[in-house]
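A short write-up of the structure that comes next.
Where a number appears in this text, it was derived from the coordinates with a stated rule and is not lab data. From a predicted model like this one, the values you see are computed outputs, not experimental measurements. Cβ sites come from the backbone with ideal geometry, for glycine too, and all protein chains shown count toward neighbours.
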Amino acid sequence: MKEYDLVIGLEIHAEVNTNTKVFCSCKNSFGEEPNTNCCPGCLGLPGSLPVLNKKAVEYTVKTGLCLGCEISPLSVFERKNYFYPDLSKAYQISQLVKPLCLGGGLELDSGKFIRLNRIHLEEDAGKLIHKTKTIGTLVDNNRGGIPLMELVTEPDISSASEAVEFLDKLRRTLIYAGVANCKMEQGGMRCDVNLSIKEKGSSKLGTRTEMKNLNSFKMVTRAIEYETKRQIEEIEAGNKIIQQTRKWDDNKGKSYAMRSKENSNDYRYFPDPDLLTVTISKQSIEEIRKSIPELAKDRIIKYTEQYNLPEYDARILTNEKFISDYFDQCLKLTNRPKQLSNWIMTQILKVLKDNPCEDLNEIINAENLVAIVDMLEQKEITRPNANELFNILCFSNLKAKAVAKEKGMLVTLNDEELENFVDEVLKNFADALKDYSRTPEKVIMFFTGKVMALSKGQANPLKTQGLLKNKIPNIIKE
Ligand SMILES: [Zn+2]
């Protein structure tokens with residue numbers, strides 16, 4: 001069998017995080033009663049006129065700036081004409097000739113740069129809800145008119161893993177920039193995959209197919225793997241690849257031909273006569289640029305350079321914005337970044353796995369986590385007690401210090417009591433002293449452990465070690 005190269009381009013749709021729709025003032029929100037967020041405008045009733053949402057334009061421009069695009073000073077909205085039951089106007093307002101952003105792209109970890117061709121703004125369509133055979137299919141128009149950014153890459157991607165890495169990085173950028181929520185399970189981010197194969201090393205591109213509306217990374221991977229295999233089998237069998245749009249069925253793990261691929265002229269695009277040309281001044285571009293918050297890559301630099309965290313920690317903490325936000329919130333209360341990072345990466349993320357949420361304060365509030373970390377570092381509490389305290393505080397409104405005190409978890413011995421414990425273990429385990437000249441640290445740790453056990457965790461380990469270091473040399477001399 002010959003070897004083949006994969007050529008993949010992505011078209012990503014992301015719903016823009018505005019309060020209202022893109023051409024009317026209906027609410028932009030998910031999960032409400034069907035057909036409650038609709039007006040004559042987004043239903044396309046005769047006589048209604050679109051009014052462009054400035055925020056949606058700003059957010060698209062902001063996205064473009066985050067991804068290094070060139071922002072078009074003049075941009076035009078066009079009508080893309082087609083009929084489908086979820087599109088009551090029978091046209092979608094979109095952009096073809098003059099989109100808001102051109103160029104740009106994202107770098108993968110390997111250093112490979114995936115170029116973007118463009119980002120444009122358009123309106124989402126409604127949603128078809130397929131019920132039983134007797135009820136038929138229903139239309140929910142709440143989604144119709146929600147602002148949608150379409151980001152189109154160049155065919156620079158050559159594997160499923162590169163596609164997923166690109167999507168993951170893009171998703172993180174949009175979330176950190178605050179322009180989109182990208183909730184893939186709610187359709188907030190969807191991806192179309194354009195795929196063709198060519199003989200390894202050849203510059204001649206093959207015929208491509210398009211798979212539409214993949215809404216999870218797993219689906220993207222499976223669909224790419226399936227389609228690659230299918231195209232190779234067709235070519236090896238001497239058949240031609242037909243340019244077509246294919247529907248991916250995730251349950252069956254197969255794709256089906258939907259329709260032969262249409263070209264843009266099939267849609268009879270023309271400028272929407274109800275909308276003005278959008279002009280964006282250099283000054284407003286600079287203002288939008290200034291409003292870009294810290295992105296994940298900025299936070300990685302901050303965590304590694306300013307807080308000296310390993311890159312591994314920095315990547316895990318910034319993987320989701322809400323985790324990084326929580327870490328930053330905790331760091332306002334203490335200056336122990338590595339200790340905090342350890343607690344978040346181990347204990348908290350473990351709890352999060354079974355209890356998905358979008359704010360780690362719901363698991364344990366920042367004040368309580370910081371209190372545990374500080375008490376532990378100041379040796380006011382032992383490690384096992386700290387772990388137990390953490391478990392008690394999860395999903396509770398209790399306060400760390402109060403619980404630790406009430407449960408007798410704090411190290412509370414006075415100096416005299418501590419000295420008694422130290423003397424007792426030195427007497428009980430006198431044999432261990434013979435190793436002191438050879439391995440003093442080890443012997444100190446051994447006795448500290450015994451004091452902790454005898455005092456049921458009430459001894460301060462630092463003080464215990466100090467006492468041992470004073471006492472042992474004297475005992476040995478005697
Ligand atoms: Zn509306």
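In table form, for the structure just shown:
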item	result
Whole-Å semi-axes of the ellipsoid equivalent to the range 1-103 (Cα gyration tensor, √5λ, descending)	29, 20, 15
Cut-off 20 Å, label 7 Å out along Cα→Cβ of THR221, residues of the range 70-110 by amide N	108-110
Normalised contact order of the chain, rounded percent, pairs of Cα under 8 Å and 6 or more residues apart	13
Packing-based exposure ordering (other Cβ within 10 Å, fewest first) of THR173, THR153, THR279	THR279, THR173, THR153
Ratio Rg/Rh, restricted to the range 161-282 and using Cα atoms, in which Rh is the Kirkwood radius	1.05
Spin-label pair CYS394/PHE270, simplified geometry with 7 Å Cα→Cβ offset, distance in nm	6.3
Kirkwood estimate for the range 4-287, i.e. one over the average of 1/r between Cα atoms, Å	19.8
Largest-first principal axis extents of the Cα set of the range 17-65 (Å)	35, 28, 11
The range 228-387: relative contact order as a whole-number percent, Cα under 8 Å and 6+ apart	12
Alpha-carbon centroids, the range 342-412 and the range 190-247: separation in whole Å	50
Cα pair distances exceeding 19 angstrom across the range 396-478, given as percent	40
For ILE157, distant residues with modelled amide H under 5 Å away	ILE8
Fully extended contour minus Cα-Cα distance, from THR207 to LEU52, at 0.36 nm per residue	52.0 nm
Alpha carbon convex hull of the range 255-304, projected area averaged over orientations, nm²	8.8
Kirkwood-Stokes translational diffusion coefficient of the range 294-406, alpha-carbon pairs, 20 °C, 1.002 mPa s, µm²/s	150
LYS282-ASN342 FRET efficiency (beta carbon distance; Förster radius 41 Å; 0.05 resolution)	0.30
Mean shadow area of the range 101-172, taken as a quarter of the surface of its Cα convex hull (nm²)	6.9
Fewest-first ranking of ILE241, ILE301, using other Cβ atoms within 10 Å as the exposure measure	ILE301, ILE241
Cα→Cβ-extended label distance, 7 Å offset, between LYS200 and THR439, nm	5.5
Extension gain (nm, one decimal) between LYS133 and ASP423, 0.36 nm per residue minus Cα-Cα	96.0 nm
Packing-based order for 174-181, 42-49, using average beta carbon neighbours within 10 Å, highest first	174-181, 42-49
Simple spin-label estimate for ALA237 and THR334 in nanometres, 7 Å along Cα-Cβ	6.3
Listed residue pairs exceeding 25 Å between alpha carbons, taken from LYS204/LYS229; LYS54/LYS183; LYS127/LYS254	none
Label zone at SER158, where the point sits 7 Å out along the Cα-to-Cβ direction: the range 98-119 residues whose backbone N lies under 18 Å	106-116
Cα Rg, Dmax (largest Cα-Cα span) when computed across the range 384-433, Å	16.1, 49
Lys/Arg +1, Asp/Glu -1 at C-beta; the range 7-158 dipole; positive extreme among SER25, LEU138, PRO46	PRO46
Helix-only mean residue ellipticity at 222 nm for the chain, each DSSP H run of n ≥ 4 adding -39500 (n - 2.57), per residue, nearest 500	-11500 deg cm²/dmol
Cα-derived Rg over Rh, computed across the chain with Rh taken as Kirkwood radius	1.14
For the chain, Cys with no neighbouring Cys Cβ under 4.7 Å	CYS24, CYS26, CYS38, CYS39, CYS42, CYS66, CYS182, CYS191, CYS330, CYS357, CYS394
